[in-house]
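K.L.:
What follows is a single structure, and I will ask about it in a moment.
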Amino acid sequence: MKPKHVALAVTVAYLAVAAYAGRMILVQRHAAERRDEALKAMARRDWVAAEKALRESLAGMPQSADARYELATALTEQGRTAEAAVEYRRALRIRPGFIDARAGLAEALRRQGDHAGAVREYRVAVAEEVDDPSHRIGLARALRALGNRQESLRQLREAVRRAPDSVDAHRELGLALLATGDARGAAERLQEAVRLRPDDGPSLLGLGDAMARLGKRDAARIAWLRATATSDAEAARAARARLALPSDGARAR
């Protein structure tokens, strides 16, 4: 090949590479912009918009473990746990040590009724992040569903020991103890949850139930009344039922 032909070939190749690089920069920029939009949608809990933006983002950067995880989260929030599990697994294939994705997969499996699978994945998460109470709480729920109540309680007690300021850990242990008939132990844990978060509806509801079982009706009514004033609609509704109060709709009529 003549030198001028070689030079021409090199120039053509260079231009082709430069054009490809330019296209890739534009694709990645668009993908990043769509992910930013998705994060904004997630912040306002618009899961449908988040899903759409994340799918568009992933078209440009399919190997983004973070975007896969965020898409799985958006799907989970829409109740589409089977699809979410697929995306959590994809995120883990890209980044095997992604513990948030591991915990997300575990919870998706638990919600699908695959409690054995959930236990397996949650144990990995617990081993990696021993002080995170959310992993132990999820593990405890899956174990309880499998009938392993003692191990479930052990995990919850360990969650409280490692994270003494976790409202979720105290509440979950308190409600679990209440389910076993240990009203006194339940009341102790739920009182601590309420101390940490005075307007926690589920804790107040459970505390009222524990006090009622202990025969402390006045204390039970006080806890239930406080639960009716919280932002947790389900806990407030249940507390009104226990107090035989009319619903908000009945009051309006």
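K.L.:
I want to verify the translational diffusion coefficient of segment 19-167 in µm²/s; compute it with Stokes-Einstein, Rh as the Kirkwood radius over Cα pairs, at 10 °C and 1.306 mPa s.
P.N.:
On the way: Rh = 16.3 Å.
So the translational diffusion coefficient is about 97 µm²/s.
K.L.:
Okay, next question. For segment 153-192, take N as its residue count and report Rg(C-alpha) divided by 2.2 N^0.38 Å.
P.N.:
On the way: Rg = 8.9 Å, N = 40, 2.2 N^0.38 = 8.9 Å.
After normalising by residue count via 2.2 N^0.38 Å, the value is 0.99.
K.L.:
What angle do you read, to the nearest 10 degrees and between 0 and 90, between the alpha-carbon axis of helix 115-128 and the longest principal axis of the chain?
P.N.:
Around 80 degrees separate the two axes.
K.L.:
Same structure, new question: Under Stokes-Einstein, with the Kirkwood radius over Cα pairs standing in for Rh, what whole-number D in µm²/s applies to segment 184-247 at 20 °C and 1.002 mPa s? Mind showing how you got there, number by number?
P.N.:
Numbers: Rh = 11.1 Å.
Translational D for this selection: 193 µm²/s.
K.L.:
At a threshold of 8 angstrom on Cα-Cα distance, excluding pairs fewer than six apart, so keeping six or more, what relative contact order does the chain reach in percent?
P.N.:
Numbers: 333 pairs, mean separation 19.4, N = 253.
Relative contact order of the chain: 8 percent.
K.L.:
While we're looking at this one, here's another question. How far, in degrees from 0 to 90, does helix 183-196 lean away from the longest principal axis of the Cα atoms of the chain, to the nearest 10?
P.N.:
So the helix axis and the longest Cα principal axis differ by about 50 degrees.
K.L.:
Still on this model: Using the reciprocal of the averaged 1/r over all distinct C-alpha pairs, how large is the Kirkwood radius of segment 38-123 in Å? Before the final figure, lay out the partial values.
P.N.:
Details: mean 1/r = 0.0792 Å⁻¹.
It works out to 12.6 Å.
K.L.:
Taking the Cα centre of the chain as origin, sum charge times position over the Cβ atoms of Lys and Arg (+1) and Asp and Glu (-1), and report the length of that vector in debye to the nearest 20. Spell out each step's value before the answer.
P.N.:
Working: 45 positive and 34 negative charges, 66 e Å.
Here the size comes out at about 320 debye.
K.L.:
Using only the alpha-carbon atoms of segment 108-170 as identical scatterers, what base-10 log of I(q)/I(0) does the Debye formula give at q = 0.26 Å⁻¹?
P.N.:
-1.06
K.L.:
First obtain the Kirkwood hydrodynamic radius of the chain from its Cα pairs, then insert it into the Stokes-Einstein equation at 37 °C and 0.692 mPa s, and state the resulting D in µm² per second as a whole number. Walk me through the intermediate numbers first.
P.N.:
Working: Rh = 21.4 Å.
Diffusion coefficient, whole number: 153 µm²/s.
K.L.:
Hey, what number do you get for the chain at 222 nm if only DSSP H runs of n ≥ 4 count, each worth -39500 (n - 2.57), divided across all residues, to the nearest 500?
P.N.:
Values: 14 runs with 206 residues, N = 253.
Rounded to the nearest 500, the figure is -26500 deg cm²/dmol.
K.L.:
Another question, then. With contacts defined as alpha carbon pairs under 8 Å and 6 or more residues apart, what's the relative contact order of segment 62-176 in percent?
P.N.:
On the way: 155 pairs, mean separation 19.4, N = 115.
Computed value for segment 62-176: 17 percent relative contact order.
K.L.:
Please report, in whole Å³, the volume per residue of the convex hull around the C-alpha atoms of segment 130-238.
P.N.:
Details: hull volume 9.8 nm³, N = 109.
So the per-residue hull volume is 90 Å³.
Each value in this text was obtained by applying a stated rule to the coordinates, not by laboratory testing. Since this is a predicted model, take the numbers as computed values, not measurements. Heads up, the Cβs are rebuilt from the backbone with ideal geometry, glycines too, and the neighbour counts pull from every protein chain shown.
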